[in-house]
Each structure stands twice: as structure tokens, then as C-alpha cells.
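Asks: Please read through the structure below; I'll follow up with questions.
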Amino acid sequence: MGAMKNLTELPEWQALGAHQPAIAQQHMRHWFANDPARAAQFNVSAAGIRLDYSRNRIDQHTISLLCHLAQAVELPQKIHALIAGQLVNSTHKLPALHTALRDQAATPIHVQGENIAPLIALTQQRIYDFVHAIHSQTWRGATGKTITHIVNIGIGGSHLGPMMSVHALKEHAVSDLQFHFLSTIDHSLLNDILHSIDAEKTLFIISSKSFSTLETLTNARTIMNWLQQRLGKTDVSQHFIAITAAKQKALAFGIAEQHIFPLWDWVGGRYSIWSAIGLPLLLLIGQKQFSEFLSGAYAMDQHFQQAPFKENMPILMALLSIWYINFFAATAQVIAPYSYRLRDLVPYLQQAEMESNGKSTNLQHAAISYMTGPIIFGAEGCNAQHSYHQLLHQGQRMVPVDFLLLENNTEHLNKLHHDILLASGLSQAQALMRGKTYDEAYQELVAADVTADEACQLAQHQVLPGNRPSNILFLSALTPKTMGALLALYEHKIFVEGAIWGINSFDQWGVELGKQLLPTILQQIQA
Ligand code: F6P
């Protein structure tokens, strides 16, 4: 793409605009009725995940046009730049090397002259040794007791990934450790946590890339004072470890040097679950399964780099997202995991997508004229059906949905429950796609003995327009490996969107102003 050429001036963009009206006037229910092979045509599998994207407002030509757009913005070169460690985070002049953290080939990558592969391996070994010390009960608290509670103190990327993954993979626990997540500054949460732990048996992980986040440091300081009072000891260092890219600040805070695990400025907070920030997950599932988590992500990375556009799951998901946001004026997307274990995936992906792509300035420092990052919302699917799905079916907006379904539930629970859960997700996707016509509603009412007059009126309320798009992501099962692949899938989807929109997906200047204003307002409140 010519460096300064506006995205919307590209012939490939305009071709999509010209194609849109032809698609917009067709209904998916007719496509399915006329083409029994449709479901099979729009399917792709990678790394233990199958994407069924047949319920989208697309035909093969749409996909070709979207792929031409991806080619026009030089997506392959941009993917290469990401993985190779080029300065894709342009406003900070930094690479974004979350893929290096899970690179099973340990490919040498130099950042500021230093090969980071050995650095990553060394840190992994340190955290594996630490986890072994906790699991084998050789690590003891200040009074000699073993550790039974873990409290992660962090917020944003230093909270959502650890919490989400610990809840998601609970079934794969290799220890009885109890996990708690302290994020907000609201003292109520702190209170709840302090009431549910045993001070002598608790390890606090202070997770903060910057080690300057007000909420995290205030919570950590309050806890440190509380612990010293509780234990009657001044040296409580055995109870605190820090994960940070700002080692000096952690030292100044009072964390022992050997208890500090590094993170690096070339890993974004919201992309950091693969680093030492993933420690709570590692404590839960152990080294072997954590390696599988990394290898699942690596498998998705390989797929992302190697598969042609039309078979490339993250690229297809990003292109569909662009199609709806920029050509159908959709502003939101729903994440609907039909899995209680995946309930925290929604806030995790909210940060991943909205902090990455909620931008209005392009890489050429100019204001952009088209829509970018979608509003992400959602909840565990079964619950959401009974709250806001009404709007998805009959509201005036088009809100594309990602349904996440587990083909197998490895928890050996009641099969009936699992079957109903699966059927619920599938029937929602089907209802969004096919809708209900006036005639269908009318016939149903008359068959239920409603009078013809009343049926005429009621049927109007029971019409569902349908033609509402969704993806279905089938995970073979919820394992460390598929979980790794799923998170990497969304990371790459978000990256490709940003690459097409020509924005920097790796900065977050928008969150700074509130932080700047806070001290003065705090002073005013305190005065
Ligand atoms: O304020 C936003 C943010 O900077 C996020 O990007 C980040 O994940 C979070 O705060 C926490 O930052 P840190 O890990 O530096 O405490």
C-alpha cells in the first residue's frame, strides 16, 4: 500500500463497498436452503479448534475481495514484521514479541542487540523452579508454614489473563492451592480476600509490568502492612514476589531481588499471559501442562504464519470483523462462551480488543475517517440467552456473535447438561441466522388456537429478521493446549484488524489522561 494512501481510497476497499449492496439484500436462510454444502465450505480447522463461519453474510466472492484487501495492505509483510521483532509498537519504538514467549523453536530474535531467546528460557526455568519449590513445600512462609493460598495483586493485563486462565483450567489443577485475585482499589474486595486467607500460608504475587500502577501498589502496600502486623514480623519477604519490567522499583518497594521475575517492555500487558505474569496458571497446572499451553499458542502462531489467507483462522475472523464494522456499520461484537469455565474470557478479550484497537489515529499520525475497534461484550452464553439475546434477535442493530462451544467436556459431568449446553449455543446461532417470518409466526399462532385477528397482530411481534451473523468456534475440549491456541487466535485476529486499519494495536495512550488527573482530584477529596 502506498505509504500515505488512505485505506478507503484503495480499489480493494472500494470493491468491497460496491459488492456490499448485492450481499445486503440476500438472506442467509436462502443460501442454506439452496446450497447444502454451504456449512462445509466455510469451515477451517487449526490447533484443536474448528471455526464454522458459514453463518456469515458472505459468499466466496466476498472472501476473495476481503483477501485482496489484506494483500493490498501488505498483511504478509506486517505479520512478518510482528514475529521478527520489528518496531510494530511505533509510538514506543518497540517490538511486540508475545509470540517469542511461546516459540517452541527458540528462534533467535535480537532486541536492542540482545538475543531474547535465552533470556526467555532462563526466566522460564526460574519460574519453573519457583513453582516446584511451592508444590514440593520447600518454600515456606515467615513462620515456617507451607503455602496454601496465592493472591495475585494486579490489574488490567496483570490480572485478567491470570484470573481468566486459572478459572478456565481449574479442572487441570495439579495442586490444592487456593487462588485469589486482587485488582480493584475498592477495599471491599481486599476485605473479602483477607477474610478468606491464612496470613501465614499465603503468597502474594505483585504483578505489574510498570510497577507504578496506583491500584496495584496501594493494594500491595496495604497488604504488606497487614501481614507484618498479623505475623508480628518485620521480614515477610518470603510472602512476596514481584513480576515486573521495572526491577529497580520492585527493589525499592522492598521485594527481595531473588523474588523478582522479569517481564520486558517488548511484551504488552494484555499479551503477557505467556510470560511470568502467567505464574498463577503455572502454579495451578504445573510445568508440563503450562508447556502445553504455550505449545497450543505456538501451533496457532504457525498456522497464522503459514496458512493461505482463505484457510487462515485468525485472518478470516479479522476480515469478517472488518466486513461488518466497515461495510455494515456494526459497532459491537459478542463473545458467547458456552462454558462456565470460560466465563472470564469476555473481560480478557475486552481488554485485548478494545485497548488494542480503540484508536482514531493512524500510523501516519493522521485522524482516520473509518470505524476501528468494536465494542466487545458478552457473558457465559447460557446466561446471556436469558438477558440480552433478545436485542441480538430483534433489536435494530446487527451485532455479530462468536459462539464458543466445547465438543467434549472432559469433566465427566452429567451428559444431559453438556448436550443441552451445546444444543443451546447451536440453536442460538441457527435462530440468528434463519429468523422467523411473519407467515411462520402467524401459522404457529393459528395452530395454537389463537384467533385470526389476534394472530395478525401478535405475529408482528414474533417476527425475527434473522440474517444476523455469527461464528462458531468448536474446541475439541478445554485443555491447556486448546486454551493456548484460542488466546493466540484472538491475539492474531486483533493484530490483523489493526494492520488493515493502519493503526498501532500495541499502545494505549487513551488511558493516561485519567491517571494524570487523579492525583489532583484525590488531593481535593482528601482536603
Ligand atoms: O492502564 C492500563 C494499563 O496500562 C494496561 O495496559 C495494563 O495491562 C494495566 O494498566 C496494568 O499495568 P501494569 O502491569 O503496569 O501494572
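Asks: Condition first: of a type in the set (A, V, I, L, M, F, W, C) and within 13 Å of Glu200 (Cβ to Cβ). Now tell me which residues in the range 140-156 satisfy that.
Replies: Once the filter is applied, which keeps residues that are of a type in the set (A, V, I, L, M, F, W, C) and within 13 Å of Glu200 (Cβ to Cβ), the range 140-156 yields Ala142, Ile147.
Asks: So which of Ile223, Ile197 ends up being more than 29 Å from Leu294 (Cα to Cα), at pLDDT 95 or above, surrounded by 23 or more Cβ atoms within 10 Å (Cβ to Cβ) and more than 12 Å from the ligand (Cβ to nearest atom)?
Replies: Ile223
Asks: Hey, can you tell me all the residues within the range 380-395 that are of a type in the set (A, V, I, L, M) and surrounded by fewer than 20 Cβ atoms within 10 Å (Cβ to Cβ)?
Replies: Within the range 380-395, just Leu391 meets the criteria.
Quick grid of which residues meet (1) within 16 Å of the ligand (Cβ to nearest atom); (2) surrounded by fewer than 19 Cβ atoms within 10 Å (Cβ to Cβ):
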site: Ile127; (1), (2): no, no
site: Thr146; (1), (2): no, yes
site: Gln178; (1), (2): no, yes
site: Ile206; (1), (2): yes, no
site: Thr218; (1), (2): yes, yes
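Asks: If a residue must be assigned to a helix (DSSP H, G or I), surrounded by 21 or more Cβ atoms within 10 Å (Cβ to Cβ) and not charged (D, E, K, R), how many such residues does the range 300-323 contain?
Replies: Number satisfying all stated conditions: 14.
Asks: Considering only helices (runs of 4 or more DSSP H) fully contained in the range 1-120, which possess at least 1 residues that are of a type in the set (Lys, Arg)? Can you show your working first?
Replies: Working: elements: 11-24, 28-34, 38-41, 60-72, 75-84.
Passing ranges, in order: 28-34, 38-41, 75-84.
Asks: Determine which member of the set His132, His172, His167 is away from the ligand (no atom under 16 Å from the Cβ), farther than 21 Å from Ser210 by Cα and over 26 Å from the mean Cα position of the chain (by Cα).
Replies: Only one candidate passes the filter, namely His132.
Asks: Considering the range 148-163 alone, what residues qualify as being buried (at least 23 other Cβ atoms within 10 Å of the Cβ) and either within 13 Å of the ligand (Cβ to nearest atom) or over 27 Å from Gln508 (Cβ atoms) (or both)?
Replies: Ile150, Asn152, Ile153, Gly154, Gly157, Ser158, His159, Leu160, Gly161, Pro162
Asks: Under 6 Å by Cβ, and 6 or more places apart or on different chains, what pairs join a residue from the range 145-167 that is under 15 Å from Val131 (Cβ atoms) with one that is of a type in the set (A, V, I, L, M, F, W, C) and assigned to a helix (DSSP H, G or I)?
Replies: Qualifying pairs under 6 Å: Ile147/Ile134; Ile150/Leu283; Ser165/Leu281; Val166/Leu281; Val166/Leu284.
Asks: I've got another one for you. Could you check, for the range 20-28, whether at least one of its residues is surrounded by 14 or more Cβ atoms within 10 Å (Cβ to Cβ) and within 27 Å of Thr361 (Cα to Cα)?
Replies: Checking the range 20-28: at least one residue is surrounded by 14 or more Cβ atoms within 10 Å (Cβ to Cβ) and within 27 Å of Thr361 (Cα to Cα).
The values are calculated or read from the model by the stated rules, or taken from the named source; none is laboratory data. Bear in mind that the values here come from a model prediction, so they are computed numbers and not experimental data. Every residue, glycine as well, gets a Cβ built from its backbone with ideal geometry; the counts of neighbours run over all protein chains shown.
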